[in-house]
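So the structure is just underneath, and the comments pick up after that.
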Amino acid sequence: MTDPGSGPAARRRVTVLVGLAAAVVVAFVLAVALGSTPMPLDRAVLALLRADAADPGDEVIIWTVRLPRAVTALLAGAALSVAGVQMQTLFRNPLAEPYILGVSSGASLGVALVVTGWGGLAGAFTGGIAGLGRAGVVVAASGGAAAVLGLVLVLSRRVRSVVTLLVIGVMVGSATASIITLLLAYSDAQRAQQYLGWSLGSYAGTTWGDLALFAPVCGTALVAALAGVKPLNALLLGEGYARTMGVRVRRVRTVTLLTASVLAGSVTAYCGPVAFLGLAVPHMAKLLLGTADHRVLLPGAVLLGAAVSLACCVATQAPGSGSVLPLNAVTTVLGAPVVITILLRSRTARSGWAV
Amino acid sequence: MLTLRSLSVGYPGRRGRPSRRVLSGLDAVARSGDLTVLIGPNGTGKSTLLRTLAGLQPALEGDVLLDGSPVTAIDAAELARRVAVVLTERDLPALLTARELTGLGRHPHTGFTGRLTAADHAVVAWALDAAGAAHLAERPVTELSDGERQRVLTARALAQEPAAILLDEPTAFLDVPSRVALMGLLRRLARERSLVVVVSTHDLELALRIADRIWLVDPGGALRCGTPEELTLDGAISTSFDGDDLSFDAASGVFVLHGGGSGTALVTADGVRGPLLERALTREGWRPAAGPPADLTVTWTGDAYEAALNGTTHRFTTLAALTDWARRPGP
């Protein structure tokens, strides 16, 4: 890899990374300052600092609503983007994304089971289904994601080719989605609506209590992912070359699938299946940084993912209207045109690329 | 030195199905400093053998020894510091320059993060230079031609600083000058760095001209080893490759198409015109004769070709006219 810190390409990368870090800070401030309840910036800052002059109402809004929401958005964006880069490199496929192996379908199935009442057979905590608790959803989503992850990991031990594994993952995802459709078809409209609401994704539901678990899990998986840059770089040339360079391909595959799925699964458990970020941010990061070197790309994906996710979080608040837009609608409707524009403007992307 | 000892390669049996042996009982040596070229008809298992040598698949029986120790006993990272491979996989990642791709070859030598030290950068620069790819260093690999890509992939293998390099069909998809240049490069590297270089190729004529040692997989699944001349003399090349329409001409080292049913031809012409006339007549079905008598005699008079057949002499002012007539000789 090019010596970091020398040459125009390296300088550009440093500039882009610094710019992205600044963007994260700005987006975080906006996510805290803006919300469905209008609040001037100076009052928001006072409330954030818990100054004596702060309005107690503002303090509650900032500290119990906006701050956890912004932290969630930051973590979720970074997690999904890093998992997206991992999946795209592992499968050497630009369409790969964190959910491609069915992790979100598994989480969705778990939630659908609980919401529609079938999960009641399994555990007492779902007894009062109608007023399904936050904990119930998180546990159900984690359980579903973990079940699919386990299945995929077992299958990956038996399958040599990553392409076959990819197809199997898509099959598992489709099968799970069909079961969810069936469940919803035979449940009453209110419960189906409840599931639908969850599946639209939201950063708003997380409390500090949730973050006490979500943040360490997500943080640990992010560190694990960043520690795996060297074998990921070797995998750029395919598994055959990686093996001849001394990479233990099976182990790297398992570890990468595990970290990517924990990242995606934990986000899904707390925020629902957040669409689009995991697919789009890796492409945007690659083109912005102009390199496939994971030592630059993964930190770039963390920053860009966090910034984009925070921007989407701000956009869902539809400032002034007092209503909250569904997260997935925002990420996709606002994001898709941006990504298509970037792709069309890039020579590399127009001529097609393998990873 | 890379040694094959009673080696059997193929695919192990799974779930009760028997293993599939592709080649068995192989004994051979590839010496340091030699360009060893692996040839054989399609589908005889050249790639399987190379993949086994590279440690990408296990041997069914026997051993591959690298400087006396079995490759299976060498730790994966250590093996990667001693054996580098150029595979047939051709799709390269975008957004990677030739220098960065070559830098990937430092993988077995770098630390936990894969950061390249100044010494690593020096090796990368040397590898690019040695492979004749220094001028491509800052270009994205996806924008390179096939020949340039092959040079960069060779540089990546060199950057591993191995004792042995194995290349699977590196000359496929290259034009003739690039093939010759690449093979020449490999031979030079073998000499200068005392490397074991094993290359598989379909380009038989080039292999026989440029190889120090040939490993020939014959249709019977045996491995014949020797210099190109030895294998030509003992008929191993002819036995393996001759077909109904094709035979190997030992003296010229090229394959000739059969169909010489028209008779013998004696050519009298000065300089390079003589062999060229013979080649044209051979293509039209005549067999060159060493001396009289011959069915057809062709003489270059200085301004025209005179062809004598069955007592009749024909005059042609161009080579094309003579060639056309020679295909279907008539009045």
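The values are calculated or read from the model by the stated rules, or taken from the named source; none is laboratory data. Not measured: the values here are computed from a predicted model. Every residue, glycine as well, gets a Cβ built from its backbone with ideal geometry; the counts of neighbours run over all protein chains shown.
The table below gives the values:
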{"item": "Helices (runs of 4 or more DSSP H) within the range A:1-66 that include 2 or more residues within 14 Å of another protein chain (Cβ to nearest Cβ) and touching a residue at least 60 places away in the same chain (Cβ under 8 Å)", "result": "A:7-33"}
{"item": "The one condition in (1) of a type outside the set (Phe, Trp, Tyr); (2) within 14 Å of chain B (Cβ to nearest Cβ); (3) touching a residue at least 12 places away in the same chain (Cβ under 8 Å); (4) not in a loop (DSSP other than H, G, I, E, B) that residue A:247 fails to fulfil", "result": "(4)"}
{"item": "Qualifying residues in the range B:78-93 (those that are at pLDDT below 90 and surrounded by 14 or more Cβ atoms within 10 Å (Cβ to Cβ)) - the one farthest from the other protein chains (Cβ to nearest Cβ)", "result": "B:88"}
{"item": "Enumeration of residues in the range B:159-180 that are away from every other protein chain (no Cβ under 13 Å), in contact (Cβ under 8 Å) with a residue 24 or more places away in the chain and of a type outside the set (Ser, Thr, Tyr)", "result": "B:163, B:169, B:170, B:172, B:173, B:174, B:175, B:179, B:180"}
{"item": "Any hit, the range B:47-56, residues being more than 14 Å from chain A (Cβ to nearest Cβ) and modelled with pLDDT of 90 or more", "result": "yes"}
{"item": "Matching residues, the range B:245-286, being under 15 Å from residue B:328 (Cα atoms) and part of a strand (DSSP E or B)", "result": "B:263, B:264, B:265, B:286"}
{"item": "Residue that is under 30 Å from residue B:98 (Cβ atoms), at pLDDT 90 or above, within 14 Å of another protein chain (Cβ to nearest Cβ) and over 17 Å from the mean Cα position of the chain (by Cα), where the choices are A:355, A:296", "result": "A:296"}
{"item": "Selection within the range B:57-71 - without any contact (Cβ under 8 Å) to a residue 40 or more places away in the chain, surrounded by fewer than 19 Cβ atoms within 10 Å (Cβ to Cβ) and either within 14 Å of chain A (Cβ to nearest Cβ) or of a type in the set (Gly, Ala, Ser) (or both)", "result": "B:69"}
{"item": "Residue match in the range B:127-138 (condition: facing chain A (nearest Cβ under 9 Å) and not aromatic (Phe, Trp, Tyr))", "result": "yes"}
{"item": "Cβ pairs under 7 Å, 6+ apart, first in the range B:280-296 and within 17 Å of residue B:254 (Cα to Cα) and in the same structural domain as residue B:306 (by TED's automatic domain parsing), second in a helix (DSSP H, G or I) and β-branched (Val, Ile, Thr)", "result": "B:280/B:323; B:288/B:282"}
{"item": "Elements of type helices (runs of 4 or more DSSP H) contained in the range B:98-179, each with 3 or more residues being aliphatic (A, V, I, L, M) and surrounded by fewer than 19 Cβ atoms within 10 Å (Cβ to Cβ)", "result": "B:118-130"}
{"item": "One residue from B:45, B:40 being touching a helix residue (DSSP H, G or I) at 6+ places or on another chain (Cβ under 7 Å), more than 19 Å from residue B:186 (Cα to Cα), assigned by TED's automatic domain parsing to the domain that holds residue B:85 and buried (at least 20 other Cβ atoms within 10 Å of the Cβ)", "result": "B:40"}
{"item": "Count of the range A:239-294 residues which are under 25 Å from residue B:108 (Cβ atoms) and either touching an Asp or Glu at 6+ places or on another chain (Cβ under 7 Å) or of a type outside the set (A, V, I, L, M) (or both)", "result": "17"}
{"item": "Matching entry among A:232, A:287, A:277 (being within 26 Å of residue A:102 (Cβ to Cβ), within 21 Å of the chain's Cα centre (by Cα) and at the interface with chain B (Cβ under 10 Å from one of its Cβ atoms))", "result": "A:232"}
{"item": "Yes/no for residue B:232 being surrounded by 19 or more Cβ atoms within 10 Å (Cβ to Cβ) and not in a strand (DSSP E or B)", "result": "yes"}
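Residues are listed down the side, and each one gets a yes or a no for (1) in a helix (DSSP H, G or I); (2) hydrophobic (A, V, I, L, M, F, W, C); (3) out of contact with any strand residue (DSSP E or B) (no Cβ under 6 Å at 6 or more places or on another chain); (4) in contact (Cβ under 8 Å) with a residue 12 or more places away in the chain:
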position: A:171; (1), (2), (3), (4): yes, yes, yes, no
position: A:176; (1), (2), (3), (4): yes, no, yes, yes
position: A:181; (1), (2), (3), (4): yes, no, yes, no
position: A:184; (1), (2), (3), (4): yes, yes, yes, yes
position: A:187; (1), (2), (3), (4): no, no, yes, yes
position: A:191; (1), (2), (3), (4): yes, no, yes, yes
position: A:198; (1), (2), (3), (4): yes, yes, yes, yes
position: A:204; (1), (2), (3), (4): no, yes, yes, yes
position: A:209; (1), (2), (3), (4): yes, no, yes, no
